[in-house]
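**Q** Quick one: this structure, given as structure tokens, is what I'll be asking you about.
Each value in this text was obtained by applying a stated rule to the coordinates, not by laboratory testing. Not measured: the values here are computed from a predicted model. Cβ coordinates were reconstructed from backbone atoms using ideal geometry, including for glycine residues, and neighbour counts include every protein chain displayed.
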Amino acid sequence: MKKIKLIIIILTTFCMAEAVAQTDSSKNKGYFPIFDNLQSDDDNGATNDTRRDTDNTVADPHYQIGEDLRTLERYYNAGKYPDAINKSKQIKNQHKLNNTDNEAYLRYTIASYKEMAYDEEADSLMRIFTKKYPFYKLRNNDPVAFKDIFNCYYTRPKITIWFKGGRSKTSAMIDTVYTIADSAKIEPDYELNNCINAEIGLQFYLSRRFSAAVSFNYWAADLTRTQDRGDSKTKFYYKESDNFISIPVFLVFNTSIEKFNFTNELMLGGSVDIMYKSQYEAFTWFGDNTQYTISEKDADLDDKNSLNYSIRIGDRLNYNVKRFSFFIEPQLIFPLKPHNNPDRKFNNADLVYNNMFVPDAIHLFTTQLNIGVKVHLFYKTIAKYGYGY
């Protein structure tokens, strides 16, 4: 009887344990939930969000460009120049770079080619770089090989257009005074008068130092001639206003280095000057009275040397800001022919008979002070020492 009870107890215990095991297995497939309250690196909540963020970042083209450029830089800094060149080719084939990324890409690509002694490729890329970034300034963190080759080249403008304007002051250099009523031939006074001038021009760069310029210039000259007729109360006044169009041509010498913001240009040339309008007033003043007043009469241009030629000298100081140069420029103008035509000095009846006056033989001397702006349209890359590809 005791044996039977013992067998029953053993069987009952065995069956209960089997039932518990089957219940846990069906619920968790054999997994014991002893670590359910702990989180691992593969936790479903946080890890899924992180993966989604990473996937979005990798999918961003600009992020991938940045990664590739950083890899290119690391290869170069580690001295793995073949790997850097291969990475450069991959970047070129796979990405469309913006201006900033392209600058970094070219700097490390040029340096890698130079370190591998691929001089032709490095020089060719440097010409592309300086043409695209003509105002680039070297930085402390630039690759050493890039600095070396960059210093072997310089850029200069090819064509520049300028606009300027300012004031001109004209004086008369007297050659001969013609008098009718006065036998003493008292030399008259010519006053300096301010006028405006404006100009548009083109400058063509021939070399690093020399350039040629041609322009279209408008300017005016006002003359006031005063002569004492022998009595301190009696004076004769002659006032003339002339308008010119000139075509100046200059040879320009740049005295400064392109790396500086300030550059100075010496200008020497000549011009064809066309007087297209001339007006005058002439009267004698007797104390409080005015006689024989003539108001704004047009002069006969045949009485003038309306086609004249001048020597011009200028000095232009530029302040350069990338493609723009702001400048101040004094200029001197010396005409070669006299202002009035001596062969026709008696032809103006109003002056000869009404005012007893014959225009003097004079040369005009004009000084101009201009301010303006230049716009550099195209640039050219030059090898400093005459080599390069």
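**Q** Quickly run through the stretch 113-127 and pick out the residues that are closer than 14 Å to Thr381 by Cβ and among the acidic types (Asp, Glu).
**A** If the condition is that a residue be closer than 14 Å to Thr381 by Cβ and among the acidic types (Asp, Glu), then Asp123 is the only one that fits.
**Q** Okay, moving on. Can you name the condition, by its number, that Ala145 falls short on among (1) surrounded by 16 or more Cβ atoms within 10 Å (Cβ to Cβ); (2) in a strand (DSSP E or B)?
**A** (2)
**Q** Determine whether Phe236 is touching a residue at least 24 places away in the same chain (Cβ under 8 Å), of a type in the set (A, V, I, L, M, F, W, C) and surrounded by 14 or more Cβ atoms within 10 Å (Cβ to Cβ).
**A** In short, yes.
**Q** Which ones in the stretch 93-131 are within 27 Å of the chain's Cα centre (by Cα) and free of Cβ contacts under 8 Å to residues at least 12 places away in the same chain?
**A** Correct list: Asn98, Asn99, Thr100.
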